[in-house]
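The values are calculated or read from the model by the stated rules, or taken from the named source; none is laboratory data. Since the model is a prediction, treat every value here as computed from it, not as a measurement. Because the Cβ atoms are built from the backbone with ideal geometry, glycine has one as well, and the counts that use them run over all protein chains shown. Side chains included, ligands, DNA and RNA excluded: accessible areas come from the protein's heavy atoms. Shrake-Rupley method; radii C 1.70, N 1.55, O 1.52, S 1.80 Å.
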Amino acid sequence: MSDAPLRKAVLPVAGLGTRFLPATKALPKEMLPVVDKPAIQYVVEEAVAAGLDDLLMITGRAKTALEDHFDRRPYLERTLADKGDDRRVALVRQPTELGRIHYVRQGEALGLGHAVLQASQHVGDEPFAVLLGDDLVDAATPVLPRMIEVQQRYGGSVLLLMEVPPQDISAYGCAAVEPTDEADVVTVTGLIEKPPAEEAPSNYAVIGRYVLDPAVFGVLESTPPGRGGEIQLTDALGTLIDPELPGGGMHAVIFTGRRYDTGDKLGYLKAMIELALARDDLGPDLRAWLESKLG
Ligand code: UTP
């Protein structure tokens with residue numbers, strides 16, 4: 001439907017991170033390290049690898065840690081350079097060279113929908129991607145390029161769905177779907193936020209990547225607070241399912257790769273271990289240690 005390349009990515013990182021207290025009292029959960037990089041750096045790298053070079057972070061409290069991470073650190077760079085440690089100079093510089101990052105603040109954490117709405121002026125009238133800062137998709141199984149392709153083919157918005165065990169669906173947004181003639185693409189016919197297992201229309205969970213039509217902003221503006229008193233993105237997306245609405249219509253890509261919810265303690269530990277096991281410098285020793293621990 002559109003050939004214009006998608007360039008803008010919105011990264012909401014203003015949540016309170018209550019599942020990870022007390023670690024997240026003064027530090028955004030997106031800054032917690034996964035091996036040796038903050039979770040958010042993986043997400044920014046994923047966006048940039050998908051060709052998105054205009055990044056907008058929706059920040060809140062403790063934003064300085066996030067902004068500082070993607071900013072230069074001249075004194076540290078000079079100190080390392082004076083020691084001839086070029087490898088570490090490159091590590092310090094790398095986050096600053098990923099792309100142009102803009103920031104806008106969400107004054108109060110009123111929900112993911114409210115966070116996305118803060119992007120409306122920056123995004124304007126073009127489709128854009130949303131990547132949740134605590135949702136980590138393994139770089140070995142990228143999916144954003146496929147989502148962008150699907151959005152350009154069908155128009156409207158594109159979600160990412162992952163099959164979860166039926167008893168786990170109440171922790172996620174859940175989608176009712178119909179097949180298309182592409183095995184990994186479905187049409188979304190209904191959405192419900194965190195349904196009790198017995199009311200869930202499927203075991204397809206919505207995970208933290210979206211390619212959205214800008215019509216979502218108008219819908220969000222008139223979306224009342226929903227579950228938990230927060231303005232839910234899922235509620236606004238529910239309205240946009242209707243293909244008769246301008247900018248409406250919704251498809252989803254079925255994800256079969258690896259992803260981790262780093263805002264959840266167990267998800268965070270899994271991410272840390274799997275990504276460390278995959279590293280040449282850490283994997284063999286960690287594997288041997290884990291095997292000795294587990295007998
Ligand atoms: P989560 O629901 O995982 O974040 O939101 P949370 O509210 O911080 O988590 P807990 O349950 O209290 O631990 C998904 C993403 O949306 C952002 C979060 O930072 C996270 O990346 N978010 C959420 C916002 O930016 N603003 C909000 O008001 C809510």
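Worth pointing out:
- Verdict on GLU30 being crowded, with 22+ Cβ neighbours inside 10 Å and either in contact with a Cys (Cβ under 7 Å, 6 or more places away or on another chain) or of a type in the set (Asp, Glu) (or both): yes
- Out of ALA271, ALA205, ALA278, one residue alone is in contact (Cβ under 8 Å) with a residue 24 or more places away in the chain and open to solvent by 20 Å² or more (accessible area, probe 1.4 Å). It is ALA278.
- The set of residues in segment 91-141 being crowded, with 17+ Cβ neighbours inside 10 Å, charged (D, E, K, R) and within 15 Å of the ligand (Cβ to nearest atom) consists of ASP134, ASP135.
- Failed criterion for ARG87 (all others in (1) within 13 Å of the ligand (Cβ to nearest atom); (2) exposed (fewer than 14 other Cβ atoms within 10 Å of the Cβ) hold): (1)
- Residues located in segment 153-179, provided they are open to solvent by less than 40 Å² (accessible area, probe 1.4 Å) and farther than 20 Å from ASP235 by Cβ: GLY155, MET162, VAL164
- The residue list ARG61, ARG19 contains one member that is more than 14 Å from GLY133 (Cα to Cα), in contact (Cβ under 8 Å) with a residue 12 or more places away in the chain, within 14 Å of the ligand (Cβ to nearest atom) and open to solvent by 70 Å² or more (accessible area, probe 1.4 Å), which is ARG19.
- Among the residues making up segment 33-46, a single one is hydrophobic (A, V, I, L, M, F, W, C), surrounded by fewer than 23 Cβ atoms within 10 Å (Cβ to Cβ) and not in a loop (DSSP other than H, G, I, E, B): VAL34.
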